[in-house]
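One structure is given here, and the rest of the page talks about it.
Readers should treat all values here as calculations from the given coordinates under stated rules, not as data from a laboratory. Worth saying up front: this structure is predicted, and the values here are computed from it rather than measured. Cβ sites come from the backbone with ideal geometry, for glycine too, and all protein chains shown count toward neighbours.
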Amino acid sequence: MSIEIVRVSERTKIHLIIIKRKTGIQNWNVICRWGFCLSLSDPSIPPAEKLQRDSSIEMTWKIFGGVNADIYYALLVQRCKKDGFKLTTSRLNEQFKLHLQRGIAYLVGNPNMKSLSTLLALIEKGGNVQS
């Protein structure tokens, strides 16, 4: 496994706090998993940007993925292959962080996400929840 520590930016930390408050989900890793998978469901490649890791939120890959850590890693590898990236440690790390950041931004930016039930509907419909 090439991803050992998951860190998020201060902006993403604020987004996680908002999602946590709206949904009642207590664990960062659960929200991060959902955001990551939501981003993977978007067929576009996340835009490249300089990634900040300036918040106090960090977790190991094992905490991020839990019992399904290998599955999340396999999903990342498959997505990187589909997007035409070389499978280097730095590329996998970069793409993981971009997908994580984008997915969390999708979650917090959706005006219909007001509770755990609307979050579940958002995930179920691939990020396109209708009122």
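Observations, loosely collected:
- Here the spin labels are modelled as points 7 Å beyond Cα on the Cα-Cβ line, and at ILE14 and VAL30 they lie 2.5 nm apart.
- Cα gyration tensor, the stretch 43-89 - rounded (a/c under 1.5), prolate or oblate: oblate
- Less than 5 angstrom separates the built amide H of THR60 from those of VAL6, all sequence-distant by 5 or more or on a different chain.
- With coordinates expressed along the principal axes, the C-alpha atoms belonging to the stretch 18-72 extend over 29, 27, 23 Å, beginning with the largest.
- Taking the number of Cβ atoms within 10 Å of each Cβ as an exposure proxy, the fewest-first ranking of CYS37, CYS80 is CYS37, CYS80.
- Computed over the stretch 19-89: relative contact order in percent, which uses C-alpha pairs under 8 Å that are six or more apart: 26
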